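The values are calculated or read from the model by the stated rules, or taken from the named source; none is laboratory data. Bear in mind that the values here come from a model prediction, so they are computed numbers and not experimental data. Ideal geometry is used to build each Cβ from the backbone, glycine not excepted, and the neighbour counts take in all protein chains shown. Please note that ligands, DNA and RNA were not included when accessible areas were found on the heavy atoms of the full protein model with its side chains. Shrake-Rupley method; radii C 1.70, N 1.55, O 1.52, S 1.80 Å.
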Amino acid sequence: KKSVGFTVHYRNVAAGKRSAVETLVAGFARRSSKSCTVARGRKCCEFLPPCAMTKKKVIASLVCFAPCRNVLFIGDDYSDYEAIVAATAKKNFTGAMVESGETRFFGVKTIKRRALFPFIRKWLQRHA
């Protein structure tokens, strides 16, 4: 039996109506007979089956099962933010969010878009 998932993009929805779209998708997840989750992205919501590999799960697995490797993860949306928050306590993990006028992230390092490549270069030099 195949699992099903879908994503609702709402880039052209007025800012005041975005939460209504997210509420609708969350309602689908609650009514599902399986334990599905809703993952928020930048101007999108994903309806995910329980077996879906999210960024949060992948990053958590990577930093836990490869503790001798350094992991750099840079994101720009809510699912990236959730992955960074979940892995931040690990010593072999560095995470940062690219600053955006569309999204606000608290409690994690943020980088201006123009400073992204110097940040990566410096990280690579420290971990080479």
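Worth a mention:
- Selection count where residues are within 15 Å of the chain's Cα centre (by Cα) and within 27 Å of Asn12 (Cβ to Cβ), scope region 107-124: 1
- Filter result for Ala128 (loosely packed, with under 13 Cβ neighbours inside 10 Å, modelled with pLDDT of 80 or more, more than 17 Å from the chain's Cα centre (by Cα) and among the aliphatic types (A, V, I, L, M)): no
- Considered as a group, the residues in region 81-98 that are open to solvent by 50 Å² or more (accessible area, probe 1.4 Å) and more than 14 Å from the chain's Cα centre (by Cα) include one that is farthest from Pro67 (Cα to Cα), and that residue is Ala89.
- Only one of the numbered conditions (1) open to solvent by 50 Å² or more (accessible area, probe 1.4 Å); (2) modelled with pLDDT of 80 or more is violated by Val71, and that is (1).
- Test set (1) within 30 Å of Lys91 (Cα to Cα); (2) in contact with a Ser or Thr (Cβ under 8 Å, 6 or more places away or on another chain); (3) surrounded by fewer than 16 Cβ atoms within 10 Å (Cβ to Cβ) - Ala66 fails condition number: (2)
- Residues satisfying the stated conditions in region 2-18, i.e. farther than 10 Å from Lys43 by Cα and either modelled with pLDDT of 80 or more or surrounded by 10 or more Cβ atoms within 10 Å (Cβ to Cβ) (or both): Ser3, Val4, Gly5, Phe6, Thr7, Ala14, Gly16, Lys17
- Within region 44-56, considering residues that are open to solvent by 80 Å² or more (accessible area, probe 1.4 Å) and over 22 Å from Arg104 (Cα atoms), the one modelled with the lowest pLDDT: Cys51
- Restricting region 19-43 to residues that are modelled with pLDDT of 80 or more and either open to solvent by 40 Å² or more (accessible area, probe 1.4 Å) or within 17 Å of the chain's Cα centre (by Cα) (or both), the residue that is nearest to Gly101 (Cα to Cα): Ser19
- Contact map, region 36-63: residues that are within 25 Å of Arg18 (Cα to Cα) and in contact (Cβ under 8 Å) with a residue 40 or more places away in the chain paired with residues that are open to solvent by less than 20 Å² (accessible area, probe 1.4 Å) and part of a strand (DSSP E or B), Cβ distance under 8 Å, separation 6+ or inter-chain. Pairs shown: Ala39/Cys45; Glu46/Ala39; Leu48/Ala39.
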